[in-house]
Structures are given as C-alpha cells and as structure tokens.
Amino acid sequence: MKQKLSFTNLISINAYSFGLSFLWNTLHPIVLPAMLLSYVPETSKNTWLGLLTFLGLVLAMLVQPLSGAFSDRSHSRWGRRTPFIALGTILDVCVLLCIAAANSLVGIFFGYITLQVASNIAQGPMQALIPDIVPERQKGLASGIKNFMDVFGVVCASVLAGFLLAPDGSGTYRIFLVVIGILCITAAVTIFAAHERKKSTGTESPSAGFSVREVFSFDRKTNRPFSNLLVSRFIFLLGVYGIQTFAQYFIRDVLAVENPVEATGSLMIVIACALVAFVLISGWLSDRTGPERMMNAAMLITATGGLALVFVQQMTMLMVVAAFIGAGMGLYLTSNWTMAVKLAPADQAGKFLGLTNLATAGASALGKLEGPLIDLLNRCKPGAFWGYRFLFCFCFVCSLISFFVFQSLKKHAKTEKSE
C-alpha cells in the first residue's frame, strides 16, 4: 500500500501543473491574440487565431500520449517521469525565447507549433505522477490540488500578462522571461518532490516493442468506462474552449472597452477565482460522495452560464456570468480528472492519462475552427455580431449534450455490470 502523503507533498508534485498553466494561459487568451493583430487583417483575426492554435493542438494530441507511453516503459536511474519533465522544460525555454524574438507571422507560427511539441513532451509523463505516487484514498484530493494549480496559473497569468502587455501587443519580452522563470522553478519543485527511483532492473529500452498504433489504441471492452469518460469530456470541453480563445475579440468588438487586453486579463481572474474555490470543493467531495454527482452538477451549471452569455452587453454582466461558468468548470475538471486517475491502469498511467489529451486538446483544437465561422457570421450583418452569439449558444448545447451522454453512458455501464 502506498504511504499517505502530506499536503505539502501533494502540492509539490503538482507544482509543474501551475507552470504549464501559467505558460498556456499567458499565451492563448492574452499574448497570442495581441501579437497576431500586428500581422493579420482585422476582419479575419478570429480565423488566423483559430487556425494557428488548431494546428498546434493537433500536435499536442499526438505528442502527449506518445510521451506518456514512452515514460511508462522508461528504466532511467532518475525515474520514469522526471527525465521527460526536465527535457520538455529545457526545450520550452529555448522555444519561448525564439517566439519573443519573432518579428513575423511565420516566426510566430513555427515558434508556437514547436512549443506545443516541447511542452507536451513534459506534460504527458507529468500527469502520471498522481497514479504513480498517490494512494487511492487521496487521489480525489490530489486531483483537486492539480486543478487548483491549473487555475492558480490562470489567475497569475491574467494579472501579470494584462499588466505587462500593452494594448498594441508590445512588452512580450518581459512576459516571456517571467514565463520561463516560473516554468523552470515549478519543474524543479516537482522533479525533486517526486523522489522517483528506477522501477525495474530490466534492460528493455523505452522503444522496445513500441508502436504508435499501440499507443493510440486500447481494449475498449476492458476499459469501457475510461473510453466513455473521454467521450463526455470531449463534448463538454468543445463548448467551453471556444469562449476562452475568442473572449478578447468579443470584448474588443461587442463591449468596446478601452483596453481589451487588460479587460481580458480581469475576466480570466474572475473565472479563475471561481475555479479555485470549486476545484478544491469538488476534490474533497469526490473522495467522499464519488465524482459522478459533481460532474452532473458541473455540466448543468456550465450550460446555464453559456446561455446567459448570449444576452451580455456590459463588462460587469460578463464578469458575473463568467464567475458562474468558472464554478461549473471547477466542479467538472476535478471530478472528471479524479475519474480518469482512478480508471487508468496502474502500469500504463502515462499512456492512458496522455490519451485524455485526445479529448482535451482535440476539443480545444476543434473549438479553434469556430474562428472562421465567427468571422463569417459577424460579416453577415455588421454590428449584430452573430458569430459571438453562436459561440455562446454552442457552449450551452455542448454542455447539455455532454450531460445526457454521460447519463446514458452510466446507464450502459450499470447494465453491463448487472449482466
């Protein structure tokens, strides 16, 4: 039986989640949209942002499960997971410096694509630390802390990026240096806290008997609950991620605030504060009542928030609704991740938790393709901004579909169990 970990240990092994969250929540909603405005036409900004991030996330879908599966087979003297975290972080630092120095759309494009590869080399193995180290009775709490770190990264990224980045997109060097510092510090904390040791005395290399097809496939009958969870996760996140991606342009076009970059940062803070509270609540309750109830409440809350966004006309109202959606997302992320951690086979945790990125990055990537549709609908009737209304209605519909799919999947699982 695994030894119970202290609260400090649980925080430390999840520290790198904060670093990765800070990286992507600085880049995606705030820095990248502002940088692109200097290189793309105003009327097609959503299209360019959507296509760029779509391509990057497709790579993330591929790299993260591969990296996780490689770490499952690793026999390094330094452990299975931490060498990959160190390598990915070193590559991240190099690529971030290149993006900061980029002065063209091509430079930003190749930098962003490479960063997705480098970051996911580390993220796949890092996610397997909870099933590797944390005892069963603490997995809900550990998942809550992981998601807290993710959300805390959103808060800090929103505050610092909104403060350091000017409305015209200048000031990127300062932001990237801060990101690099935080990424390195959190990686070091997680690596030293994990206390990994070589798990096997075998001589098999990570690539022995390794095939890409094997990584992206598993016995659906044996692991049906896990595959069912991926379906529900994909549908839910598909509706949510589009809002995060195009929020700055909605604030710029519809609400017409003076400083959209700063306003977007404030919006992310509001969402993150709600997330902070509810990821921890959900983690605590998931260990006691089970994560399924938390997921049900989360999907209904988020659906309500998505529908309310359709009627938003003022920044204050946007903040209120955003907090409501943040609460739903907080409940969902922790309860869903708790289920994933519990369902992943112990000897293949890196692979299976990496496969969750097929749902996470897949939903995010497909959500980016809403950009061209948003621009098209906005041009149909200038000033009506139908594209953004569609974005919010889509979130409402996806949350409801996810809810009903999850109910049918649970019913199917109970039927199979009784048989």
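Applying the Karplus relation 6.51 cos²θ - 1.76 cosθ + 1.60 with θ = phi - 60° to the stretch 99-113 yields 3J(HN,Hα) values of 5, 4, 8, 5, 10, 8, 5, 5, x, 5, 4, 5, x, 5, 4 Hz, where x marks Gly and Pro.
Computed extension length for residue 376-residue 97: 97.0 nm, one decimal, from 0.36 nm per residue of separation with the Cα-Cα distance subtracted.
As a ratio to 2.2 N^0.38 Å, the alpha-carbon radius of gyration computed for the chain takes the value 0.94. GNM on the chain, alpha-carbon springs under 10 angstrom: the most fluctuating residue among 356, 289, 245 is 289. For the pair residue 86 and residue 293 in one chain, pulling the backbone fully straight at 0.36 nm per residue adds 70.8 nm over the alpha carbon distance. Relative to the longest principal axis of the Cα atoms of the chain, the long axis of helix 139-164 lies at roughly 30 degrees. Using r as the Cβ-Cβ distance of residue 311 and residue 257, and R0 as 22 Å, what FRET efficiency do you calculate, to the nearest 0.05? Approximately 0.75, to the nearest 0.05. Of the residues 370, 214, 258, the one with the fewest other Cβ atoms within 10 Å heads the list, and the complete ranking is 258, 214, 370. Ranking of 390, 110 by neighbouring Cβ atoms within 10 Å, starting from the fewest: 110, 390.
What FRET efficiency would be calculated for the residue pair residue 177, residue 224, taking the C-beta separation as r and a Förster radius of 45 Å, to the nearest 0.05? So, using R0 = 45 Å, E works out to roughly 0.45.
As a proxy for reagent exposure, ranking 195, 28, 75 by other Cβ atoms within 10 Å from fewest up yields 195, 75, 28. Here the gap between residue 320 and residue 393, fully extended at 0.36 nm per residue and compared with their Cα-Cα distance, gives a gain of 24.5 nm.
Computed 3J(HN,Hα) for the stretch 69-86, one whole-Hz value per residue from the Karplus formula 6.51 cos²θ - 1.76 cosθ + 1.60 where θ = phi - 60°, is 5, 4, 5, 4, 9, 6, 10, 5, 5, 8, x, 7, 9, 5, x, 5, 4, 5, glycine and proline marked x. With springs connecting C-alpha atoms under 10 Å apart, model the chain as a Gaussian network and identify which of 102, 187, 274 has the largest mean-square fluctuation. Taking springs between Cα atoms under 10 Å, the residue moving most is 102.
Of the trypsin sites (Lys or Arg not before Pro) found in the stretch 1-75, those that fall in a DSSP loop while having at most 16 other beta-carbon atoms within 10 Å are 2, 4. The local environment of residue 144, defined by Cβ-Cβ distances under 13 Å, has a net charge of +1 under the rule Lys, Arg +1 and Asp, Glu -1. On the beta carbon distance between residue 384 and residue 347, with R0 = 56 Å, the FRET formula returns roughly 0.55.
Rounding to the nearest 10 and keeping the result within 0 to 90°, find how far the Cα-based axis of helix 349-368 lies from the longest principal axis of the chain. With rounding to tens, the tilt is 10 degrees. The alpha carbon centroids of the stretch 249-279 and the stretch 1-79 are separated by 20 Å.
Read-outs: derived from the displayed coordinates by stated rules, not from any lab. What you are looking at is a predicted structure, and each value in this text was computed from that prediction instead of being measured. Glycine also receives a Cβ, built like all others from the backbone with ideal geometry; neighbour counts cover every protein chain displayed.
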